[in-house]
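Below is one structure, written out as structure tokens, with a few remarks after it.
Taken together, the values in this text are just the output of simple stated rules run on the coordinates, not laboratory data. For clarity, every value in this text was computed on a predicted model and none was experimentally measured. In this analysis, Cβ positions are derived from the backbone assuming ideal geometry, glycine residues included, and neighbour counts consider all displayed protein chains.
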Amino acid sequence: ALLRRAYRTLKDELSSDLFDFTLPFSARVNHDGGRSSDRSSQTAGGHLPCHPDDWNKSAVQYMRVWYSCYLKPNMKRTQ
């Protein structure tokens, strides 16, 4: 939930998407967007429920799935 809220907040602040949906998640620009969401969620949460390395690994895995299964398909439908 923290990652989704952080993504939405950053998206609203930037008035654009953090990801380039024409590229796969493995593209550098999309990894950068995922890292931005991760950093924002860490500061919004105040503390991490686990070790930072574990959090980062889980966050990247979650963002990859969320990007591929939700964000990218929804973006294609709205275009």
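General remarks:
- Our coupling estimate for segment 14-26, obtained by passing each phi through the Karplus curve with A = 6.51, B = -1.76, C = 1.60 and θ = phi - 60°, is 7, 6, 7, 7, 7, 10, 9, 6, 7, 10, x, 4, 5 Hz, Gly and Pro reported as x.
- Between the Cα long axis of helix 52-66 and the first principal axis of the chain there is an angle of about 20°, rounded to the nearest 10.
- Electrostatic tally near LYS11: other residues with Cβ closer than 11 Å to its Cβ, Lys and Arg +1, Asp and Glu -1, net 0.
- Helical runs assigned H by DSSP (4 residues or longer) give the chain a calculated mean residue ellipticity at 222 nm of -21500 deg cm²/dmol, each run adding -39500 (n - 2.57) before division by the residue total.
- Relative contact order (%) - criterion: Cα under 8 Å, at least six apart; region: the chain: 32
- When the Cα positions of SER58, ASN74, ALA6 are compared along the charge dipole of segment 2-78, ASN74 comes out farthest toward the positive end, with charges on each C-beta of Lys, Arg, Asp and Glu.
- With the highest mean first, a sort of the peptides 31-42, 13-24, 54-65 on other beta-carbon atoms found within 10 angstrom per residue produces 31-42, 54-65, 13-24.
- Placing a pseudo-label 7 Å from each Cα along the Cα-to-Cβ vector at VAL65 and ALA44 gives an inter-label distance of 1.9 nm.
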